[in-house]
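Just so you know, all these numbers are worked out from the coordinates, no wet-lab data involved. Values in this document were obtained by computation on a predicted structure and should not be read as measured data. Cβ atoms come from the backbone with ideal geometry, glycine included; neighbour counts cover every protein chain shown.
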Amino acid sequence: MSDTTAGVALVSGGSRGLGQTLVTRLLAEGWQVATFSRTAGDFVEQTLKAEPDRFFWTEADLLRPETVRAAGKAAIDRFGRIDLLVNNAGVLEQGLFVTMPPRRAEDLVTANLTSPVVLAQVAARSMVASGGGQIINISSVNAVRGYRGVAAYSAAKAGLDGLTHSLARELGPAGIRVNTVVPGFFDSDMTEGVGPEYRERIQRRTPLGRLGDRAEVADAVLFLASPRAGFVTGQRLVIDGGITC
Amino acid sequence: MLSNTLTDTRTTDVQATVVQEIVAILDEDTVDELGELTADTELSALGLNSLAFARLIIKLERALGVDPFSQGGDFVALRTVGALAGAYEQALSARTEA
Ligand SMILES: NC(=O)c1ccc[n+]([C@@H]2O[C@H](COP(=O)([O-])OP(=O)(O)OC[C@H]3O[C@@H](n4cnc5c(N)ncnc54)[C@H](OP(=O)(O)O)[C@@H]3O)[C@@H](O)[C@H]2O)c1
């Protein structure tokens, strides 16, 4: 890491939702932050103006892993290395598995598993060369418990857990920590379309009796990224108000 | 640092870079023990584990702009420092021709 900043973070999907919160918080903590999404949006435009030296955005689509690889490389070109990767961007589409168009099921796996794997490889190569770093994969409670209508998404998210465990073993000796954050249901554009009935059901089943907040998930990510979690690797940190307990 | 007779300047450069990057990832004791690295130095004598070897390949890609093993080429088959440098020379000339 350079002397002037906390390090270089690459957060996928930093234009909205949890990614936006992470970009804001990481910048506030002194990181240089690179991100990508399909569209820039207001937050990205404003942050590019406010932090021209420490913030970088490029366009990439999780459905096209080669664009994701290019975005990772562009971040390295811009800031010289990656010290922290947060595989945050994800795509959720609900629907009965048996009637889902086969192409759609494949797309969900490409977006939620193949692209994060590709990005992890780009980042890990940079971290191996620079002598350390960390990867945090954002999974979902859907990968822990079964839920109807999200089979392909859950399969991909559970795949991310496998990535975390194996990479933690393989890259630990290179000083790279790899962990998963497992959020429960929190409000964002992703969950906007979820009806009030379903929302209430989730709240009822959650021991803490409410939905989560993006800031609470971001807290867990920032903890894992901090030296306070210096001896934590290969683990899953579940932030779900207890719904999976 | 290579003691073989080298004629082509680019060859010299590539081999020198390979040697330089190897020395950079070895600890001082190993460098002292091995003495001068030559094209004939056995890669196995470097005592690199697989992760350290991966680190070398990544750093060489940065230094030379090519990765001869990105398409799954077999570096396990390479026995010497000279052979490793040769793989980079080949990859560089393949890129120039392309
Ligand atoms: N919200 C929840 O309740 C919940 C629960 C469990 C887990 N999660 C996980 O938490 C993470 C963040 O979720 P969120 O709710 O913050 O999501 P979100 O509000 O939908 O934001 C997703 C971000 O990813 C980008 N993105 C979406 N599709 C993309 C694509 N095809 N290619 C490139 N970028 C794309 C979006 O930008 P563009 O649209 O401009 O591309 C945006 O920046 C995801 O991995 C999600 O699976 C969320």
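For this structure, a couple of remarks:
- Dipole magnitude for region A:8-239: computed about the Cα centre from +1 point charges on Lys and Arg Cβ and -1 point charges on Asp and Glu Cβ, it is near 560 debye.
- Selection from A:T206, A:V68, A:Q134, by position along the positive dipole direction of region A:8-239 (Cβ): A:T206
- Karplus 3J(HN,Hα) series, Hz, for region A:100-112 with 6.51 cos²θ - 1.76 cosθ + 1.60 (x for Gly, Pro): 6, x, x, 4, 5, 4, 4, 4, 5, 6, 4, 5, 9
- Set of lysines with alpha-carbon distance to A:K73 below 23 Å, sequence-local pairs under 8 removed: A:K49, B:K59
- Counting only DSSP beta bridges whose two residues both lie in the protein assembly as shown, roughly 5 percent are antiparallel.
- Total charge dipole magnitude, region A:58-159, about the Cα centre, Cβ charges on Lys, Arg, Asp, Glu only, Debye to nearest 20: 180 debye
- Counted charge near A:R205, where neighbours are those whose Cβ lies closer than 12 Å (Asp, Glu -1; Lys, Arg +1): +3
- Between 0 and 90 degrees, the angle of helix A:17-28 with respect to the longest Cα principal axis of chain A falls at about 30 degrees.
- Look at B:L78, A:L85 and count the other Cβ atoms within 10 Å of each Cβ; fewest to most, that gives B:L78, A:L85.
- Under a 5 Å amide H cut-off, with hydrogens placed 1.01 Å from N, A:W31 pairs with A:A6 among residues at least 5 apart or on other chains.
- For chain A, the longest principal axis of the Cα atoms and the long axis of helix A:65-79 meet at an angle of about 40 degrees.
- Per residue, chain A reaches -13500 deg cm²/dmol at 222 nm when only DSSP H runs of four or more residues are counted, each adding -39500 (n - 2.57).
- Dipole moment magnitude, nearest 20 debye, chain B about Cα centre, only Lys, Arg, Asp, Glu C-beta charged: 400 debye
- Relative frequency of Cα-Cα separations exceeding 21 Å in region A:87-235, percent: 48 percent
- Rounded FRET efficiency, nearest 0.05, which uses the C-beta distance separating A:K73 from B:R79 and R0 of 25 Å: 0.20
- A:L208 paired with A:L96, simple spin-label distance in nm, labels 7 Å along Cα-to-beta-carbon: 3.5 nm
- Sequence-separation-based contact order of chain A, relative, with Cα cut under 8 Å and 6+ spacing, percent: 18 percent
- Likely footprinting exposure, A:F186, A:F56, fewest C-beta neighbours within 10 Å first: A:F186, A:F56
- Estimated distance in nm for a label pair at A:R169 and A:V109, the labels positioned 7 Å out from Cα along Cα-to-Cβ: 2.2 nm
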